[in-house]
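The values are calculated or read from the model by the stated rules, or taken from the named source; none is laboratory data. Quick caveat: nothing in here was measured; it's all calculated off a predicted structure. Here the Cβ positions follow ideal geometry from the backbone for every residue, glycine too, while neighbour counts run over all protein chains shown. Areas reflect the complete protein model, heavy atoms only, side chains present, ligands, DNA and RNA absent. Shrake-Rupley method; radii C 1.70, N 1.55, O 1.52, S 1.80 Å.
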Amino acid sequence: MCGIIGIVAKIGNVAPDLVKGLKYLEYRGYDSAGVATVEDGVIHVKKDKGMVDDIEKRMGLSSLPGSIGVAHTRWATHGAPDQVNAHPHTDCENKIAVVHNGIINNFNDIKQRLIKAGHIFKSLTDTEVVPHLIEENMKSGLDFKSAVFEAVKELDGSFALGIVSVYEPDTLICVKKESPLILGVGKDAMYCASDVSSLVPFTKKVVVLDDGELAVLTPTSYEIYRLPDFSRKDKTPIKIDLKVEDAFKSGYPHYMLKEIYEQPTALSYTIRLQEHYLNLMADLLDRSKEIYIVAAGTSYHAGLIGSYLLSKMARLVAIPVIASEFITSYGDTVSVESTILAISQSGETYDVLKAIEYAKSRAATILGITNVLASTLTRVSRVYIHQQSGPEIGVAATKTFTGQLAVLYQLALIAGKRRGKLSQRELDDLKEAIHDIPRVVEETLKKTDPLMKKLAEKYCKSKFFMFLGRGLSYPVALEGRLKLLEISYIPALAYPAGESKHGPISLIEEGVPVIFIAPRDETRKYVLSNIEEMKARGATIITLGEEGDKELMELSDDFIGLPPVNPYLAPIPYVVPLQLFAYHTAVLLGRDPDRPRNLAKSVTVL
Ligand code: F6R
């Protein structure tokens, strides 16, 4: 889980563009960063612990000379996040530089062998074996390209690599196996990078590499080879439609706040999905013997809601499973008659991809919902839906969550219609409600943001929070709790409100804030009783409900009123004040909401 970028250009110094690209990749990790360039037979390296901007100020990464180079931003897996372990890594002679995203499983065996052969290692990373292995292969008489080919054959694991050397100073080699890697085709320059958005400032023509492919780039050409026999493969670039400004903060203090506010617009894109793909998906779901919804973190919360909607609207049973638990818990039941609906905003989450790989090996059908075009999920799915929420840079998922929900509503609606489980009246009402959702979210933002800021001021010193909801509001409670704890580091618990009396209620004492999600739906009357139970034990009651709901207001210490909404769609607006509460709390506590400690945007490790 790191970001890599490489550039080989006909003229000029590439370091400034490498640094620019790195900034787009920081959501993938920000423990350390570094750049290596080649000029006049010398590899120039600058790298350090910390974030790109700080290192740039301290060391001037972009002052490195040379028209070819690679760069890296790191999320540590092997070796502490310090300067020595920062990428790029080089061989004994400093003639080869490598950046790497992923894990090399057999690095220790290779390292021991190379140490015996006299190589001296500087870092504790798995990556460093790569330049040394290439060096060793070159000692035995191979040229640079063949030495890389032979080295790659030996590596076991998941990796994307960018490699430059003094031996061929106009050749950048990159390799993709399980970790993402995209080529960019520019005018008199070629690029490789971990994602498309980091290439957007330079080119809109990209080539998506598949697993087991290696590319040799020069300023004006790219050649693609397939592992393990290195047969040549022709691939034509595709055009991508992303704007540079989409990836900047647009005046907001943090990406997270910007992305929360982008939700009405993002949703208006998502609700215009092509029916063709939704129909294809609904058809495949309908034909399956069993359906599993597989996802991690926030996407799993969307999956819980999706499961509920498919059951209610289409009478389809879809079992939501946390991706890392899927193979152990359900692996034995997966067959050609199973369908896996994988939800992953990045499309690269390792646990999700592993579950899919397993399910594919048992001939199951894979469907994907993702926000990243050309991500691995889009390539391994029989049908995928691109949710079109726009790039999400803040580590905490916000607009991609509501976007996932908007896809799932449309999917459940179409499945319900095809299976004849919804009356024309219900269909019309739901369609109208979905189309109205951007407006409802816009109004929710306007009405609740100032209040959520005040509540954050009032409660930010609390040591613990509880979030409760029933039915569709239970996953909303889970998501509100995840947002708060991951960016403010305040411990919190989320439970189905009815289950709270079976244990969690023992945590309640005078003043403990309990947040109830209570839209006007079939569960509301039971939630009222749960509020009474908590109140009787001294909890401070904070509720989210429909504006003007007197009963709720009377029971609450603080009440957040939201515009009326179709109960099926309530999770979309109701999660918004919780995102805002988490955001304001984190900021008040002096945390960086865009870069919570120990987390990364795209989790590509086990
Ligand atoms: C929480 C968050 C994570 C992700 C999880 C899955 O705010 O962002 O919990 O939801 O890592 O990521 P994707 O959706 O990319 O598979």
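Count of the range 93-112 residues, restricted to those that are under 32 Å from the mean Cα position of the chain (by Cα) and part of a loop (DSSP other than H, G, I, E, B), is 2. Summed over the range 154-180, the residues that are open to solvent by 20 Å² or more (accessible area, probe 1.4 Å) and at pLDDT 95 or above give a count of 6. Cβ-Cβ distances below 6 Å connect no pair with a first residue in the range 376-404 that is among the charged types (D, E, K, R), a second residue that is in a loop (DSSP other than H, G, I, E, B) and within 8 Å of the ligand (Cβ to nearest atom), and a separation of six or more residues or different chains.
Residue under question is LEU445, and the condition is that it be surrounded by 15 or more Cβ atoms within 10 Å (Cβ to Cβ), out of contact with any strand residue (DSSP E or B) (no Cβ under 7 Å at 6 or more places or on another chain) and not in a helix (DSSP H, G or I); does it hold?
On the way: surrounded by 15 or more Cβ atoms within 10 Å (Cβ to Cβ): yes; out of contact with any strand residue (DSSP E or B) (no Cβ under 7 Å at 6 or more places or on another chain): yes; not in a helix (DSSP H, G or I): no.
Against the criterion (surrounded by 15 or more Cβ atoms within 10 Å (Cβ to Cβ), out of contact with any strand residue (DSSP E or B) (no Cβ under 7 Å at 6 or more places or on another chain) and not in a helix (DSSP H, G or I)), LEU445 does not qualify.
Looking across the range 113-135 at every residue that is of a type in the set (D, E, K, R) and open to solvent by less than 10 Å² (accessible area, probe 1.4 Å), the one that is nearest to the chain's Cα centre (by Cα) is identified as ASP126.
Among strands (runs of 3 or more DSSP E) lying entirely in the range 1-85, which contain 1 or more residues that are at pLDDT below 95 and open to solvent by 30 Å² or more (accessible area, probe 1.4 Å)? Explain how you work it out, then say what you get.
Values: elements: 3-9, 32-39, 42-49, 68-74.
Hits in the range 1-85: 42-49.
A search for C-beta distances below 6 Å between a residue of the range 440-464 that is assigned by TED's automatic domain parsing to the domain that holds LEU578 and under 23 Å from TYR489 (Cβ atoms) and any residue that is of a type outside the set (Phe, Trp, Tyr) and surrounded by fewer than 16 Cβ atoms within 10 Å (Cβ to Cβ), counting only pairs 6+ apart in sequence or on different chains, returns ALA456/LEU588; CYS460/LEU588; CYS460/LEU589; PHE464/PRO491. I need the full set of residues from the range 286-305 which are under 22 Å from LYS354 (Cβ atoms) and away from the ligand (no atom under 13 Å from the Cβ), in order please. Of everything in the range 286-305, those that are under 22 Å from LYS354 (Cβ atoms) and away from the ligand (no atom under 13 Å from the Cβ) turn out to be SER288, GLU290, ILE291, TYR292. Filter the range 332-370 down to the residues that are aromatic (Phe, Trp, Tyr) and either buried (at least 24 other Cβ atoms within 10 Å of the Cβ) or more than 11 Å from the ligand (Cβ to nearest atom) (or both) and list them by number. Passing the criteria: only TYR358.
Residues that are under 19 Å from TYR27 (Cβ atoms) and touching a residue at least 60 places away in the same chain (Cβ under 8 Å): list the helices (runs of 4 or more DSSP H) wholly contained in the range 233-343 that include at least 1 such residues.
Once the helices (runs of 4 or more DSSP H) in the range 233-343 are filtered for at least 1 residues that are under 19 Å from TYR27 (Cβ atoms) and touching a residue at least 60 places away in the same chain (Cβ under 8 Å), what remains is 255-261, 263-270, 297-314.
Filter the range 371-405 down to the residues that are away from the ligand (no atom under 13 Å from the Cβ) and in a loop (DSSP other than H, G, I, E, B) and list them by number. Once the filter is applied, which keeps residues that are away from the ligand (no atom under 13 Å from the Cβ) and in a loop (DSSP other than H, G, I, E, B), the range 371-405 yields LEU373, ALA374, SER381, ARG382, GLN388, GLY390.
Of LEU411, LEU455, LEU485, which residue is assigned to a helix (DSSP H, G or I) and within 16 Å of the ligand (Cβ to nearest atom)?
Working: LEU411 fails: within 16 Å of the ligand (Cβ to nearest atom); LEU455 fails: within 16 Å of the ligand (Cβ to nearest atom).
Residue meeting the stated conditions: LEU485.
Scanning the range 341-363 for residues that are among the aliphatic types (A, V, I, L, M) and within 19 Å of the chain's Cα centre (by Cα) yields LEU341, ALA342, ILE343, VAL352, LEU353, ALA355, ILE356.
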